[in-house]
Amino acid sequence: MQKTKRLLTYLFSTLMLILLLAACNSDSTSTGNNNEDGDKKAEEKIVVGFSQIGAESGWRTAETESIKETLGNDSRFELKFSDAQQKQENQIKALRSFIAQKVDIIALAPVVESGWETVLQEAKDAKIPVILLDRGIDVKDESLYTSFIGSDFILEGENAAKELIKLMGEDTKVNIVELQGTVGASAANDRMEGFANVIKENSNYNIIKSQSGDFTRAKGKEVMEAFLKSDGDNIDAVYAHNDDMALGAIQAIEEYGLKPGEDIKVVSVDGIKAIFEAVAAGKANIIVECNPLLGPQLAQAALDLQAGKEIERWIKTEETVFVGKEAAETALPSRKY
Ligand code: GZL
């Protein structure tokens, strides 16, 4: 009897040990970054590959700083950053590198609207969502990107024209020269369209010259010098698609011997500190704000995507307009960039 009891006890404890080992073993099969249902484990970082256009303007630098500060200082993210020196081929190379590194999300500030289908299809095939930052793209297959975080450039252009007409009067004859942004960039195309939408409604207002200054101060100055040479005393206002070109134009107008902000009114888009200082000094007149501080919105979109949530197709940034010395002086102390 005793022998049987001892045997049964031995068999029972062996069985329990086998069951216990089997249970432990099933836990260790979920190795790697993901748990059983394929989601990233909570403590794993979200790897974001960001292809930035370059550093052509104060606005661009502010955007880069916002993204590096927000994602770079947040332990939930690993940010891989690439500066394309304003060349699309460098951005395409960067995207291919991010795909090869199997990042979780690609953020792209596309220098121009066209030429993205192939590389974005590669990202889609690799199941890596793409979030567009600050400029749009022109693709037939809208599923090639998940969301656009940025401004309404057509509205910015319309507001620039409306404020200029308010400032100079509907019945005044006004000849305008236009400094366009980078050729092919959505921000340039749409700011041009929006401004033209309003100007065409008033025959007193005419755009007599329009040329790209590539969103840079140096090129903006150079193009304005050419405008002044050909049409100097016939120019009543300059519309610049960004502040850096406007600041270059202000320099050219002064060197030409006229007073910017008085002889030639200056309307600009972005809202970097230097243009507020120019308006406060009476050298420019109208600022249409375009918000570059997109880091927090990118971070939130990445977190939502990683959590499997739907995100808005267009995550818009809120912006305003500043007109005249007093508005610029009041706003200056709180400007962050
Ligand atoms: C706007 C952005 C533009 C800025 C310029 O979202 O794409 O590019 O207005 C910058 O300053 O160069």
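The values are calculated or read from the model by the stated rules, or taken from the named source; none is laboratory data. Note that the structure is a prediction, hence the values are computed from the model and not measured. So basically every Cβ, Gly included, is an ideal-geometry build from the backbone, and we count neighbours across all protein chains shown. Heavy atoms of the whole protein, side chains included, go into the accessibility calculation; ligands, DNA and RNA do not. Shrake-Rupley method; radii C 1.70, N 1.55, O 1.52, S 1.80 Å.
Only one of (1) within 21 Å of Ala187 (Cα to Cα); (2) of a type outside the set (Ser, Thr, Tyr); (3) surrounded by fewer than 23 Cβ atoms within 10 Å (Cβ to Cβ) fails for Leu108. Which number is that?
(3)
Are there any pairs, at least 6 apart or on different chains, whose C-beta atoms fall under 9 Å, with the first in the range 126-139 and of a type in the set (D, E, K, R) and the second open to solvent by 10 Å² or more (accessible area, probe 1.4 Å) and part of a strand (DSSP E or B), and if so, which?
Cβ pairs passing all conditions: Asp134/Phe148; Arg135/Phe148.
Identify, from the list Glu163, Glu158, the residue that is acidic (Asp, Glu), more than 16 Å from the ligand (Cβ to nearest atom) and assigned to a helix (DSSP H, G or I).
Just a single option satisfies the conditions, and that option is Glu163.
Quick one: is Val130 open to solvent by less than 30 Å² (accessible area, probe 1.4 Å), more than 20 Å from Leu293 (Cα to Cα) and modelled with pLDDT of 95 or more?
Taking the combined requirement at face value, the residue does not satisfy it.
Would you say Ser97 is open to solvent by 40 Å² or more (accessible area, probe 1.4 Å), among the hydroxyl-bearing types (Ser, Thr, Tyr) and in contact with an Asp or Glu (Cβ under 8 Å, 6 or more places away or on another chain)?
For Ser97, the condition - open to solvent by 40 Å² or more (accessible area, probe 1.4 Å), among the hydroxyl-bearing types (Ser, Thr, Tyr) and in contact with an Asp or Glu (Cβ under 8 Å, 6 or more places away or on another chain) - is not met.
Return the residue satisfying two criteria in turn: it lies in the range 47-85 and is among the hydroxyl-bearing types (Ser, Thr, Tyr) and open to solvent by less than 50 Å² (accessible area, probe 1.4 Å), and of such residues it is farthest from Ile137 (Cα to Cα).
Restricting to residues being among the hydroxyl-bearing types (Ser, Thr, Tyr) and open to solvent by less than 50 Å² (accessible area, probe 1.4 Å), the top hit is Thr70.
Go through (1) crowded, with 18+ Cβ neighbours inside 10 Å; (2) within 23 Å of Ala187 (Cβ to Cβ); (3) free of Cβ contacts under 8 Å to residues at least 40 places away in the same chain and name the single condition Tyr256 misses.
Result: Tyr256 passes all but (2).
Could you pull out every one of the helices (runs of 4 or more DSSP H) wholly within the range 1-101 that has 3 or more residues that are modelled with pLDDT of 95 or more and polar (S, T, N, Q)?
Because the criterion is at least 3 residues that are modelled with pLDDT of 95 or more and polar (S, T, N, Q), the helices (runs of 4 or more DSSP H) in the range 1-101 that meet it are 58-72, 88-100.
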